[in-house]
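Single-structure report; data block below.
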Amino acid sequence: MIPAGELKHRLVLEAPVETPDGAGGLSRSYAPVATVWAALAATSDRADTAAAALGAVVTHRIVMRAGPEVTARHRFRLGARLFRIVAVRADPGGEFLVIHAEERTD
């Protein structure tokens, strides 16, 4: 589906870790699960407001070899950049995962 040379971004797959916050709720952080080579391409963008702050949301298509489990609860990190996973599907041959993710920029 994709030439190996296009898997040139080293992304860290992170899973949520929830711990009690002492007040009856939970505090969520993320822990690294795996580091993978992936193709990363922006597909669209839109203006966005979150917590009264203007910014933008950029949608990306991430393609990686099938391997570690990836769900919408996970996220990817590339340095300081964070990618929230929206959808995951396997390619017809089952060799690759095609992931749609969003990155918020301020």
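The values are calculated or read from the model by the stated rules, or taken from the named source; none is laboratory data. From a predicted model like this one, the values you see are computed outputs, not experimental measurements. Every residue, glycine as well, gets a Cβ built from its backbone with ideal geometry; the counts of neighbours run over all protein chains shown. All accessible areas refer to the heavy atoms of the entire protein, side chains included, with ligands and DNA or RNA removed. Shrake-Rupley method; radii C 1.70, N 1.55, O 1.52, S 1.80 Å.
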Name every residue in region 59-76 that is open to solvent by 70 Å² or more (accessible area, probe 1.4 Å) and either within 23 Å of VAL17 (Cα to Cα) or in a loop (DSSP other than H, G, I, E, B) (or both), in order of residue number.
-> GLU69, ARG73
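Rundown of residues vs (1) open to solvent by 70 Å² or more (accessible area, probe 1.4 Å); (2) over 23 Å from GLU69 (Cα atoms); (3) more than 13 Å from the chain's Cα centre (by Cα), yes/no style:
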| position | (1), (2), (3) |
| --- | --- |
| ILE2 | no, no, yes |
| GLU6 | yes, no, yes |
| LEU11 | no, no, no |
| ALA15 | no, no, no |
| GLY22 | yes, yes, yes |
| GLY25 | no, yes, yes |
| ALA41 | no, no, no |
Give the residues of region 13-46 that are hydroxyl-bearing (Ser, Thr, Tyr) and not in a strand (DSSP E or B), sorted by residue number.
-> none
Do any residues in region 91-106 that are closer than 20 Å to PRO68 by Cβ and open to solvent by 50 Å² or more (accessible area, probe 1.4 Å) have Cβ atoms under 7 Å from those of residues that are of a type outside the set (Gly, Ala, Ser) and at pLDDT 90 or above, where the two are at least six apart or on different chains, and which pairs are they?
-> GLU95/ARG65; HIS100/THR59; HIS100/ARG61; HIS100/VAL86
